[in-house]
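Report on one structure; see the data block that follows.
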Amino acid sequence: MSTLAYDGTAMLGRQLQRIRNNPALVILTQTMPVTMLLFFGYVFGSALAMPGAEYRSFLVPGLLVATTANGIMTGMFQAAQDTHRGVTDRFRTLPMNRAAAPLGQAVADLVVTAVGTVPFLLVGLAVGWRVEGSATGAAGALGLLLLFRFACTWAGIFLGLLTRSEEGAGQLGSATFMLPLLSNAYIPTDNLPGWLRTLAEWNPISAVTTALRDLFGNAPVPVGAAWPVAHPVAGSLAWCAALIAVFAPAAVNRYAHPRA
């Protein structure tokens, strides 16, 4: 086994144990998306032109992606916590691959996300959402969702390593709540003002959300949208590749050279 694989597996185990020892955080992250689904689906759904059941079918993929984008916040907070409590400095003194710790964190987050997606989907089915496309399309949608989470987590890890304090990471992480609001996760972008629609459609969350709706068979691809939304699967893969290509090497470099 290569050094990175061996050390990364050890760091993965450490991260999973860390999550296990913090059940309150796990419960919060698992129940919040379900609460938002019930709130948005039944409160906002009654105020929109879409009928309630139709809106909930529209909403479930959007909430899946919005929740997945929170990988930025969780990645940032965990990296900042380790950094400012001296854990990262102790890891740097060990003879292990410098990419192992951030990689272990990213993969552990991916495992937790995959497990946490199951109860959300079950609640979605209970409120009327259905997979109206093929099984292959649904599998592709879930794979794309996890890839996006992996990409977002790397962005969060890098930002967490840059922060000056845990409190700063928490405040900056809270700001990521705005990202889904500037997308098509909760509402269609057709009636937004031109500049705002353009901004929303170039948001990576919009591309991934549209891809999930298309793969699940819940909504057609919008006509006349910006390229990432008009070609949602290709756009989503491009966004994921760009995020990983930029933030994974940057996070590893920052981890290895904290004062660079």
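A count restricted to region 192-206 and to residues that are under 23 Å from Arg130 (Cβ atoms) and not β-branched (Val, Ile, Thr) stands at 1. In region 212-228, the count of residues that are under 28 Å from Gly104 (Cα atoms) and out of contact with any strand residue (DSSP E or B) (no Cβ under 7 Å at 6 or more places or on another chain) is one or more.
Within region 30-43, residues that are crowded, with 19+ Cβ neighbours inside 10 Å sit with their Cβ atoms under 6 Å from residues that are hydroxyl-bearing (Ser, Thr, Tyr), at 6+ positions apart or across chains, in these pairs: Pro33/Thr67. Counting the residues of region 143-182 that are modelled with pLDDT of 95 or more and either of a type in the set (Ser, Thr, Tyr) or more than 17 Å from Gly71 (Cβ to Cβ) (or both) gives 1.
Could you list, in sequence order, the residues of region 220-239 that are surrounded by 21 or more Cβ atoms within 10 Å (Cβ to Cβ), assigned to a helix (DSSP H, G or I) and not β-branched (Val, Ile, Thr)?
Step one: of region 220-239, the residues surrounded by 21 or more Cβ atoms within 10 Å (Cβ to Cβ) are 225, 228-229, 232, 235-236, 239.
Applying the additional criterion that residues be assigned to a helix (DSSP H, G or I) yields 228-229, 232, 235-236, 239.
Passing the criteria: Pro228, Pro232, Gly235, Ser236, Trp239.
Pairs linking a residue in region 234-260 that is within 18 Å of Gly8 (Cβ to Cβ) to a residue that is of a type in the set (Gly, Ala, Ser), with Cβ atoms under 6 Å and 6 or more positions apart or on different chains, are Ile244/Ala151; Phe247/Ala155; Val252/Ala99. Screening Leu94, Leu12 for residues that are over 23 Å from Leu215 (Cβ atoms), at pLDDT 80 or above and surrounded by fewer than 18 Cβ atoms within 10 Å (Cβ to Cβ) leaves exactly one candidate, Leu94.
Among the numbered conditions (1) assigned to a helix (DSSP H, G or I); (2) modelled with pLDDT under 95; (3) surrounded by 17 or more Cβ atoms within 10 Å (Cβ to Cβ); (4) aliphatic (A, V, I, L, M), the only one that Ala185 does not meet is (1).
The residue that is modelled with the highest pLDDT, among those in region 201-219 that are surrounded by fewer than 23 Cβ atoms within 10 Å (Cβ to Cβ) and within 22 Å of Arg56 (Cβ to Cβ), is Asp214.
Could you check region 146-182 and list, in sequence order, the residues that are outside any helix (DSSP H, G or I) and either among the hydroxyl-bearing types (Ser, Thr, Tyr) or in contact with a strand residue (DSSP E or B) (Cβ under 9 Å, 6 or more places away or on another chain) (or both)? Walk me through it before giving the result.
Of the residues in region 146-182, the ones outside any helix (DSSP H, G or I) are 163-165, 176-177, 182.
Listed by number, the residues that qualify are Thr163, Ser165, Thr176.
Can you find even one residue in region 105-122 that is of a type in the set (Asp, Glu) and farther than 22 Å from Phe150 by Cα? No, there is no match, as no residue in region 105-122 is of a type in the set (Asp, Glu) and farther than 22 Å from Phe150 by Cα. Where residues in region 98-142 are surrounded by fewer than 19 Cβ atoms within 10 Å (Cβ to Cβ) and within 16 Å of Tyr255 (Cβ to Cβ), which of them is modelled with the highest pLDDT? Ranking the candidates gives Val107 first.
Rundown of residues vs (1) touching a residue at least 40 places away in the same chain (Cβ under 8 Å); (2) under 24 Å from Trp239 (Cα atoms); (3) touching a Gly at 6+ places or on another chain (Cβ under 7 Å), yes/no style:
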| site | (1), (2), (3) |
| --- | --- |
| Val112 | yes, yes, no |
| Gly116 | yes, yes, no |
| Pro119 | yes, no, no |
| Val131 | yes, no, yes |
| Leu145 | yes, yes, no |
| Phe150 | yes, yes, no |
| Leu159 | yes, yes, no |
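The values are calculated or read from the model by the stated rules, or taken from the named source; none is laboratory data. Since the structure is predicted, the reported quantities are computational estimates derived from the model, not experimental observations. In this analysis, Cβ positions are derived from the backbone assuming ideal geometry, glycine residues included, and neighbour counts consider all displayed protein chains.
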